[in-house]
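I have placed the structure first, in the form of structure tokens, so that the comments after it can refer back to it.
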Amino acid sequence: MATVIAIDLSVSMLRDIKIKDTKESFTLLQLATHGVNVLLDYLAVHSRLEFVAVVTFSSTCDVLCSFTRDYDLIKAKITQLEFRTNTCYPPVIQTINYLVHSEWSNSVTCQVIMITDGNCYEGLRKPDMTPFLFPGKLIVVPLDQVSSLYKNNYDSNKLPNGLGHIMSPELPLTPSSVAKVFEKISKEAYVPYSAVLRCGHLKSDIHLIPPPYSYTKAADFEITTCCISNELSIIGFLESSRVECPATLSRHLVLPQRVSDECVENNEASSKTPSFCVLLHGALKVENMTALCQLSSNWYGLLVSWADNKKKSNLMLITLEPGTNAIPWLGDIQNLTLSPTELSKTELEESQPVKTSDKRSYNQSQLVWIKEAGLQADIQKILRQARKMPDKIPSFYKELNRIRKAAIAYSFNDLLTSIADLLDLECNNLPGGTHPDCALQLTHAAIELRKPYAMDPKLSIGPMITKYTHHDLM
Amino acid sequence: MSLTDQLFPVNHKTTFVVDHTPYFGLASNAHIKMDFTKRPPNTVPPSPIFKSMWTCSIEAVLEYCRIVWDLFPEGKLIRVISSDSQSRILNSWASSQQNVNHMLHHLSLIGPPAKLLPNPNRDYSVVYGFRTAAETMTECTTAQMDQDSKKNNIEVQNKCRTIIITSARDNPSIDNLMSMFHNELIKVNKYISQPSFKTVHQCHLVIVNTYPDSITCEVTDRPIHTISPILDLEVHSVPASKIGIKISNLLLKHYNLASTTVTGIPMKEEQNASSSANYDVEIYHAATAHTTILNANVADAKAVVAKKEGADYETIKLKWCTPRANNNLPDIHSCTTLHRITPVDINSRPSACLITFLLNGRSVLLEMIKQGGGKSMSHVLKSYNGEIYIHSVSSGRTVLEDPPAISEGPGGKVSQYRVADFGNFMKLNLLQPSKRKTTEDKNCIDDAKEKLKKQTAYWPLITSSTMIFNLKQYTEPMLSLMVKDNITDQELMNCKQCIYALMTAESKNEHLIIPNLINPRKMMKKDDQYKTMWTELETFLKSNLYTENHCKVLQCLFECLGKPDEEKIIEKTLTRFKKSLANRPSVIRATTDSPMSPPLTQQAGIKHIAQNNNSDIDPNSVMYLQIIQENDSRKVNNQPSRPQFAGRLKSVQLRSGNLFAKLYQHIDDDTDAKSVK
């Protein structure tokens, strides 16, 4: 997963907060920095794989630090922030959209944490606010001393358009209340997802990293929301070459859980306790295979061995589009059965999912003449074959009948007589030395095309029987 | 657009009403030059031919159908109605009639519009088609019926689109047509009674007004606007020669499609095969394939978007990237969307070449040229089972960069995993599309899970925690036979022979040589070895008691070891089987068995008894009772004992799985077919 932290640098963040009973005072920005540090410290311990980027905004928005796992670098950079002008939210959303897209394309879920002043209650509800263009959530932490007027105007902390929600620290603002809210965010947003990976009686407790999110899909007749269940059941195996490249929603590392919680001391012991997860990974890697598993009642995923580089390979869960037709070329997933034996090659070809009975237009010889060139190309084709008769007699007549049938369907009657004229012309132009059968066939075809029954879709025009021997070709 | 707005799209059902009146038999200005052959100079070239307005219209309709059905083989249905002196329906909502060949066939039967002859008895009009169109829209499609039967909370909204292709004199005539259509719609909505018909909740009416190119037309275009709660109207007016382009522009909006132009495809020139030139091919697909590109940097997006020549939509230009080898494909997980494609110009030579290239199993990578001149691979074209898809590929970094290796985690330092055995297990459990069409609600997934469960009932993860799986020279084929749903009598014999072989080895005081054991110093004493092995074997057999024959194997082990069945496990299991057989409701039988299944008693596999050494069996055991019973029944039937000795003897001698399996292949097949579950 990835996180974007957006820090407000408007002048209002310059405000000083005096801490009761002490002489200390902090600016809102200092509190914000403190909060970010708390978050980063949490990540460093619990979620080291998290990528974090920081943007700062006021009337414009700038990327302070692009996605990195070097949290110390971020800490260093946020100590040197300078104030700008007034707060303006739309550019932030835009900048984050581009930042996320250029870095991750659209396949990564992103957590956005925005630290701003109290204006967010109203500002983020304005109509010019658009939701993010990537899968993700926004958490807004408003730092304001007085319980703002706006806050009471809106009874919900939820932002419109599914943008996210507001999470304010307890008042009065102190470094510790800010720290508390950031701890809360960290604990809620960066929980590893625990699940059981199961294959028959074999099972393994696992963590999924990043945690999977529920997915809402709108089909023509229903909107379905799929949540991953906490039991991933393998239903069978596939050769990787058969899976090819289906559309994937998200990918997650599958890491076996430690047997007990006392991490440090048991590290050694736990790495020596056999885990089904590790066995599965080894076998998938050696055999170059993929395991198909059920994520919830109508959602499936693939388990593969995956390596970032040559050395470190890992078990990865790929979530497919919800539904049973996520890999169209395998057919309905519910119709897949376990075959007890390895199939021979011919059997394998037979068991390809039912070839679609009606082929796609590009896979059959359909004639489309909307553009002039389309028809002209078809006519040129039969003329070329006409000149090469008698060798090309079968293909000439086949092509001629194809055109004829299309012309009948489109009610394009003039075309046939016009082709007859062309054939006559072709016949007259035949160079000397052409096989005499060629002229005979051309004349025959032209005559047939002019007959009234040429428009009968049930008939085909066949070659003329001549004294020349070539018709054994037919 | 919110998710609920996407529910019940109007494009689920589209009806075309095409004017087939004599007026549409008039020639349009769409002409084709027929000047192909060299002719003597100063002769008149062959005269060009003209398409009729009907030809232009119906071509455009068929092209609309072709593209929709190519991209959406299911769920987007189109019907075509022609109207002259009466209306004629070309196809139904049934999927068997939703294909272009069906349409072509029926169009051939309709023929060209009648010649315009003054005939007071015959009244030609497009209006006859309106009633029929309204009626077809009330007919439920299979998908709508299915959804109705699901009894979801939301009522199925019957939304649809009607496209009328006709010729009107002026705007008031268009209004007239619209109100006639509206009235028909209201009328049919009143008379809905049967459940297979549904009130039309909303209809998007598109009137395409067309006219011969030679005249000017007074009908003006109107953008979509609401007429009534059930009707929206949109009007387009085009000369007949342009109708093809107009309809395909509408198509893109109706189905939310986008256009991609694959540029720079190197192709040999038609006339001169030695030189090659670059060509472009335009394809259509769902618009979401472009989301990634369009959401990224605005400048980059602008660099690839171009206006399509001669049309009012945009196309995204992506560069063909000559593939080096097919294994250059991106990783399985970097493909984020997948959509069917279809070429726009299906007959053009460049399209045909690209299509053939893809259908032959090769894939094409598409590059996006960025504003600064940089490139990034954004899409892949590839065919599966004769269908071509566009994959959008995520070009970004992966969030899983530099992950910890699995070997660093829990269980990572264990080196004795039975990887090869698990590999075999996976190969024995490959998923295949089932050939038979299963009954509607049958779910193979639960069967698959059940099968995996049986095979893993006892499955040690590492070699050092098992003996029997390391002693395959003795224990096979028993280990693989026992996990089957059913074992035949012959297989039962084989299992027993494995046990006997181990017995023999023990009596000869042979060392159980265990391959792959890492530490020879830790080699157990012979006695301990056998003890551990027998205990493990017992556990294994106890975990796999699925039928009576399975129980008999365990029984055999107990007999060999001279050990009583302390927990009465066999007895309990057998009683359980009997109970479940007796209690088994006929309904379940009907769903799991084929009508050809033999009666249950035979399936349980007690037709023959393998061995008659009853003497060892406790006369009080269920086993004993059964054997007696079976012997009796055999006597009654006076069945000659089957010719099993040859095979049995052989298997004793060879004790090798291969030879044996080959010999009895037909028996295996036979019993598998009869198997209960």
Exactly one of (1) surrounded by fewer than 20 Cβ atoms within 10 Å (Cβ to Cβ); (2) modelled with pLDDT of 90 or more; (3) in the same structural domain as B:S351 (by the TED database) is unmet by B:L250. Its number? (3)
I'd like the full set of residues that are aromatic (F, W, Y) and either in a loop (DSSP other than H, G, I, E, B) or open to solvent by 30 Å² or more (accessible area, probe 1.4 Å) (or both), limited to the range A:169-192. A:Y190
Being part of a loop (DSSP other than H, G, I, E, B) and either surrounded by fewer than 18 Cβ atoms within 10 Å (Cβ to Cβ) or in contact with a Lys or Arg (Cβ under 6 Å, 6 or more places away or on another chain) (or both) is the requirement here; does A:S233 meet it? no
Taking B:N42, is it modelled with pLDDT under 85, more than 10 Å from chain A (Cβ to nearest Cβ), surrounded by fewer than 22 Cβ atoms within 10 Å (Cβ to Cβ) and in contact with an Asp or Glu (Cβ under 9 Å, 6 or more places away or on another chain)? no
Which condition does B:N11 not pass, out of (1) in contact with a strand residue (DSSP E or B) (Cβ under 7 Å, 6 or more places away or on another chain); (2) surrounded by 23 or more Cβ atoms within 10 Å (Cβ to Cβ), if it passes all the others? (2)
Filtered residues of the range B:334-357 (kept if part of a helix (DSSP H, G or I) and either within 7 Å of another protein chain (Cβ to nearest Cβ) or surrounded by fewer than 19 Cβ atoms within 10 Å (Cβ to Cβ) (or both)): B:R349, B:P350, B:A352, B:C353, B:I355, B:T356, B:F357
Among the listed residues B:S92, B:S96, identify the single one that is within 11 Å of another protein chain (Cβ to nearest Cβ) and among the small types (G, A, S). B:S96
Counted residues in the range B:75-100 being assigned to a loop (DSSP other than H, G, I, E, B) and more than 22 Å from the chain's Cα centre (by Cα) come to 6
Against the condition at positive phi and either open to solvent by 10 Å² or more (accessible area, probe 1.4 Å) or facing chain B (nearest Cβ under 8 Å) (or both), how does A:N298 come out, does it pass? no
Would you be able to tell me the number of residues in the range B:14-29 that are within 12 Å of chain A (Cβ to nearest Cβ), of a type in the set (A, V, I, L, M, F, W, C) and open to solvent by 20 Å² or more (accessible area, probe 1.4 Å)? 1
When B:V126 is evaluated against the numbered criteria (1) surrounded by 23 or more Cβ atoms within 10 Å (Cβ to Cβ); (2) aliphatic (A, V, I, L, M); (3) assigned to a helix (DSSP H, G or I); (4) more than 7 Å from chain A (Cβ to nearest Cβ), which criterion, by number, is the only one it fails? (3)
Residues within the range A:250-270 that are more than 7 Å from chain B (Cβ to nearest Cβ) and either crowded, with 23+ Cβ neighbours inside 10 Å or modelled with pLDDT of 85 or more (or both), tallied: 3
May I ask you to verify whether B:L205 is assigned by the TED database to the domain that holds B:A143, surrounded by 14 or more Cβ atoms within 10 Å (Cβ to Cβ) and under 39 Å from the mean Cα position of the chain (by Cα)? yes
Restrict the check to the range B:88-103 and report whether at least one residue is farther than 26 Å from A:A420 by Cβ, surrounded by fewer than 15 Cβ atoms within 10 Å (Cβ to Cβ) and small (G, A, S). yes
Just to check your reading of the model, which residue among A:G164, A:G136 is touching a Ser or Thr at 6+ places or on another chain (Cβ under 7 Å), at pLDDT 80 or above, open to solvent by less than 50 Å² (accessible area, probe 1.4 Å) and closer than 28 Å to A:T87 by Cα? A:G136
If you go through A:T273, A:T224, the only one that is modelled with pLDDT under 85, touching a Pro at 6+ places or on another chain (Cβ under 8 Å) and closer than 15 Å to B:E408 by Cα is A:T273
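The values are calculated or read from the model by the stated rules, or taken from the named source; none is laboratory data. Note that the coordinates shown come from a computational prediction; the quantities given were computed from them, not determined experimentally. Using ideal geometry, Cβ is built from the backbone for each residue, glycine included, and neighbour counts are taken over all protein chains shown. Just the protein is used for accessible areas: all its heavy atoms, side chains included, with ligands, DNA and RNA removed. Shrake-Rupley method; radii C 1.70, N 1.55, O 1.52, S 1.80 Å.
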